[in-house]
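Notes follow once the structure below has been shown.
Readers should treat all values here as calculations from the given coordinates under stated rules, not as data from a laboratory. As the structure is a prediction and not an experimental result, all values here were calculated from the model. All Cβ positions, even for glycine, are placed from backbone atoms using ideal geometry, and neighbour counts span all protein chains on display.
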Amino acid sequence: MKLVRVLRVMKYHRVAMIPAVCFLTFLWLWMSTSIAYINISHQPSSPDVQCISCKNESTLPSLSNFPIQDVTLRSTLLSIAQDSSLRRISRTSKNVVKVNPEVQSSDEGDGGIMFKHENMTATELWEAKELEKRMGRLRESALPTSNSGQPSVALQAKDKPLYVRDGTPQGTKAPDLPSCNGRYIYLYDLPSKFNADLIAQCDTLMRYVNLCDYLSHDGMGQVLKSEEGKAAILTPEGSWYMTHQYTLEPIFHARMKSYDCLTSDKSKASLFYIPYYGALDVNRWEFAENATNKDRDALTMDLVDWLRGQESWRRTNGLDHVLVLGEISFDFRRPDYGFWGSTLLELPQEVAASTLLVERHVWAWNEIGVPYPTSFHPNSGDEIRAWQSQCEKSERKYLVSFAGMPRPKMQGNIRGYLIQQCLDSPEDCFFLRCEHDVCSRPDSTMELFLHSHFCMQPPGDSPSRRSVFDSLIGGCIPVLLNPYTAYYQYPWHLPEDSKSFSVYIPAEHVISGKANVIEILKTISIEERAEMRVRIIHDILPGLLYSKPGAEHPSYRDAFDITIEGLLQRVANLRAEKAAAAAEQ
């Protein structure tokens, strides 16, 4: 996959982008005198997220003293849908976001900002504050409100507050869920060209990778068997697969088919699921010779036309619909002048539908990040408990580890610095160089994670990284260097209290020489590490898994369960807001 990504970038820049970049550079220079921009590539930091290399030495100025041009996230569907301030974010979060000068921030002070340090400008302060507001609203959107009318499935913990959105401890026998009233989902029977036909093209979807094995077993891939002569690392056997990071669509679709409250009566449905395999559609055009943008958007436009023909879509303009996409948001936001990906998420017709992605556009109100698929797909609560036990008893012989490759040609690359720090401290750090197929099998990387206290998780081709979830399900505490990797991505599946499950060290501090990751991690006590690991293994881990279709684990809610609960509540809240707005008119 890494070779594929490199070849993508090479082709993109060498052939297509030279004249476009020249023209856009001239256009940007001309426009920059009259249009304000906010840079969203900044990676601020805070002791609140265990940024040990940060200080609080200065008094930060009030935002009200600066003429910051504001983008306001509106709280209702009617106003949010018209928010023209949403702009594209680059694959590496280095682009800028153009904002409207209509409203200036009136917020007083700078309190409550999670990612804050002494050198932040007023613009960066506003940006951090706004992003945290948006994440807060996404979290709140999955909670019952007094006027939503949604039957609550919230279960209150009796003994201790845990991360799970509604307070339910994982591993605790939960009361029976309410009836299907308010939980019915209608599964569209799309024409096969939108899903099954794409699976049938598995050998040609990607020019350099045959995806057929990865797409078997409902997208989970081939069952992983222990190598001959080696003790089983991944237990229980039969529940670990060679799962590709971009096969969320068929995995989610298969789980939806076994959902206990499906209905064939659209009038009963609280949510409508659109089983379009957009990631597979996008992938097949990435290296296709002589492909045009019309080719890249053909199936997208067919889907839009099909949805427009559905009365259930027209009734709410997609408000109660959900789309699952197995790639990052960037791949569905191709600009008019671009040659990469589709324009699915740039189309106004899709503005109201909730969209689930493995990496969301942080400024998009209706995009929700969900976990990357990992290789563990349990079939029961006993299998989850068996793996939790494996994580607990594993000897953590490395302070920290890093599995990956250097990216010397990547702008703002942090990996070279991390690798060098690791090599300089061989007694504390283990570097697994992912050459050839060393890291292609999950047992190689999971063995490393099981034996490590901390796992370095720098950004990959984009800010997010599947390895973050691999390390978490291995009980390894992720060390994050970019807040866009996880903190602004997964509002329903990761705790709001970031320091309870991760360590944050700004990449700039490492690059500038201010921070040595190994030395910082040494300052975290054994007791603190153990507390974080218990939180990860028992509270967080089950909610990051995608169980097998038909799996039964009443004591746990996996990533699918948490997502569906959140979507049902979110849609109920949006409907209530829309009805309240209509009543006021």
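Data table
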{"read-out": "Cβ-Cβ FRET estimate between R207 and K578, R0 fixed at 60 Å, reported to 0.05", "value": "0.85"}
{"read-out": "At R0 = 56 Å, FRET efficiency that the Cβ-Cβ distance of K257 and E527 yields, to 0.05", "value": "0.80"}
{"read-out": "Sorted by Cβ density within 10 Å, fewest first, the residues M206, M301", "value": "M301, M206"}
{"read-out": "Simple label model, 7 Å out from Cα along Cβ direction - E427 to S264, nm", "value": "7.0 nm"}
{"read-out": "Ranked list, fewest to most other Cβ atoms within 10 Å of each Cβ, for C439, C212", "value": "C212, C439"}
{"read-out": "Residue-count net charge about K193 - beta-carbon cut-off 10 Å; Lys, Arg +1, Asp, Glu -1", "value": "-3"}
{"read-out": "Distance-filtered residues of segment 390-408 - backbone nitrogen under 15 Å, label point 7 angstrom along T235 Cα→Cβ", "value": "390-395"}
{"read-out": "Debye intensity ratio I(q)/I(0), log10, segment 407-566, q values 0.10, 0.16 Å⁻¹ (C-alpha model)", "value": "-0.38, -0.98"}
{"read-out": "Neighbour-count ranking [beta-carbon atoms within 10 angstrom, fewest first] of K294, K193", "value": "K294, K193"}
{"read-out": "FRET efficiency for K397 and A288, using Cβ-Cβ distance with R0 set to 41 Å, rounded to 0.05", "value": "0.30"}
{"read-out": "Relative contact order of segment 381-544, pairs being alpha-carbon contacts under 8 Å that are 6 or more residues apart, as %", "value": "24 percent"}
{"read-out": "Selection from S394, P426, H509 lying farthest towards where the dipole of segment 381-544 points positive, charges on Cβ", "value": "H509"}
